[in-house]
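**Q** This is the structure, below, for whatever I ask next.
The values are calculated or read from the model by the stated rules, or taken from the named source; none is laboratory data. On a predicted model such as this, the values are computed, not experimentally measured, just so you know. Counting neighbours? That spans all protein chains shown, and the Cβs are built from the backbone with ideal geometry, glycine included. Quick note on the areas: whole protein, heavy atoms, side chains included, nothing else; ligands and nucleic acids left out. Shrake-Rupley method; radii C 1.70, N 1.55, O 1.52, S 1.80 Å.
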Amino acid sequence: QLLVGNIIPCLPEYGFGKPGVTKFLRHVLMLRPGYILIYDELEAEKPISWEFRLHSRRWMKQLDGNRLMAKNDYATASAQMFCNEPIVTSLKCEYLQNEEDGINPLTDIKPEDAWLIRPIDDENKWKNGFVEHYHGAFTTDGKFQKTRFLTIMQIHPGKNEKFKPEVLKASGKGLVSIELDGYTVEVQLDGNQPSFLQVHDKEGKAAFVTGNAATSLTLGGETKVAKLPGSTLLMAVSYTHLRAH
């Protein structure tokens with residue numbers, strides 16, 4: 001049971017249970033100086049809803065085009081979601097009421113919103129109450145047995161609310177191409193196709209590939225062939241490094 005004031009039952013409508021997920025593989029890649037790529041392979045026994053959540057105790061803002069933006073004392077960042085299926089982006093910045101406010105969470109709050117109920121400070125550790133949190137989500141508009149998520153985060157040093165992250169565009173369908181500042185990204189977003197993520201540095205100094213469809217990688221006229229299907233390959237001008245998982 002999960003204690004959020006009153007006891008919230010462990011039922012599917014409250015987000016508990018076994019949704020039948022059969023695959024959840026996450027690939028994380030940092031492209032210096034300011035990009036982070038998160039590639040998720042998602043599969044289940046039957047069609048279900050898929051959701052990628054972002055949380056922060058600091059300021060967040062929802063932008064157009066499946067984008068969220070956040071900042072802290074050190075940097076400003078944005079997150080943009082790419083998916084083969086339609087995506088709904090949302091942001092909530094206040095906790096919902098709990099039993100201390102005279103409500104019954106089991107009857108007065110929608111089950112899907114139970115995770116947004118304000119926590120109970122049963123040990124009196126927060127003299128001024130809990131700070132409001134920001135909760136962002138990228139959610140598939142419908143249920144799907146298989147899908148792929150590519151989340152691209154842009155990082156900008158400094159606390160700067162006026163920073164406007166670039167709106168990234170994907171060309172193609174299924175296997176798409178995305179142009180970044182200094183990099184070209186190719187990624188397979190069709191869940192019915194083998195996973196694939198490939199990145200080339202536009203100066204021709206480095207290249208990377210991973211996923212079930214990864215078989216080889218070419219850089220500067222030299223090609224490395226994976227010994228095992230689905231290997232992760234990384235090449236750079238100053239050295240060549242081959243690693244198989």
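**Q** Dividing the convex hull volume of the Cα atoms of the range 146-206 by its residue count, what figure in Å³ per residue is obtained?
**A** Roughly 107 Å³ of hull volume per residue.
**Q** For a paramagnetic label modelled at 7 Å from the Cα of N72 toward its Cβ, which residues of the range 136-158 fall within the zone defined by backbone nitrogen distances under 19 Å?
**A** The answer is 136-137, 152-158, whose backbone nitrogens lie closer than 19 Å to the label point.
**Q** Extending each Cα 7 Å along its Cβ direction at D64 and V131, get the distance between those two points in nm, one decimal.
**A** According to this spin-label approximation, the distance is 3.2 nm.
**Q** Now a separate question. I need the calculated FRET efficiency for the pair E100 and T223, taking r as the beta carbon distance and R₀ as 45 Å, to the nearest 0.05.
**A** Here the calculated transfer efficiency is 0.10.
**Q** To the nearest 0.05, what FRET efficiency results for C10 and K169 with a Förster distance of 41 Å applied to their C-beta separation?
**A** Details: r = 42 Å, r/R0 = 1.03.
Computed FRET efficiency for C10 and K169: 0.45.
**Q** Okay, moving on. State which stretch of the chain is the longest one without any exposed chymotrypsin sites (Phe, Trp or Tyr not before Pro), exposure meaning a DSSP loop state and at most 13 other Cβ atoms within 10 Å. Please report the intermediate quantities before stating the final value.
**A** Details: sites that count: Y74, W126, F130, Y239.
The segment 131-238 is the longest one with no such site.
**Q** Using the Karplus equation 6.51 cos²θ - 1.76 cosθ + 1.60 (θ = phi - 60°), what ³J(HN,Hα) coupling, rounded to whole Hz, does each residue of the range 35-48 give in order, writing x for Gly and Pro?
**A** 10, 10, 9, 10, 10, 10, 9, 10, 9, 9, 5, 9, x, 9
**Q** Right, something else. So, with a 1.4 angstrom probe, what is the percent of accessible area on the chain that is carbon and sulfur?
**A** Its accessible area is 51 percent carbon and sulfur atoms.
**Q** Between A236 and L29, what length in nm is gained on full extension when 0.36 nm per residue of separation is reduced by their alpha carbon distance? Walk me through the numbers on the way to the answer.
**A** Working: separation 207, 0.36 × 207 = 74.52 nm, distance 1.53 nm.
Difference between extended and current length: 73.0 nm.
**Q** Determine the alpha carbon to alpha carbon distance for each of K61/K169; K18/K146; K173/K205; K61/K164; K71/K164; K92/K146 and list only those over 23 Å.
**A** Table pairs above 23 Å Cα-Cα are K173/K205; K92/K146.
**Q** Please compute the modelled spin-label separation between S216 and E45, points set 7 Å along Cα→Cβ, answer in nm with one decimal.
**A** 4.1
**Q** Sorted by accessible area (1.4 Å probe), largest first, how do L68, L234 line up?
**A** L234, L68
**Q** Which of A44, T107, L217 sits closest to the plus end of the dipole of the chain, meaning its Cα is farthest towards the positive end, when Lys and Arg get +1 and Asp and Glu get -1 on the C-beta?
**A** L217
**Q** With every protein chain present, what is the per residue accessible area of the chain (1.4 Å probe, Å²)? Before the final figure, lay out each step's value.
**A** Working: 14110 Å² over 245 residues.
That works out to 58 Å² for each residue.
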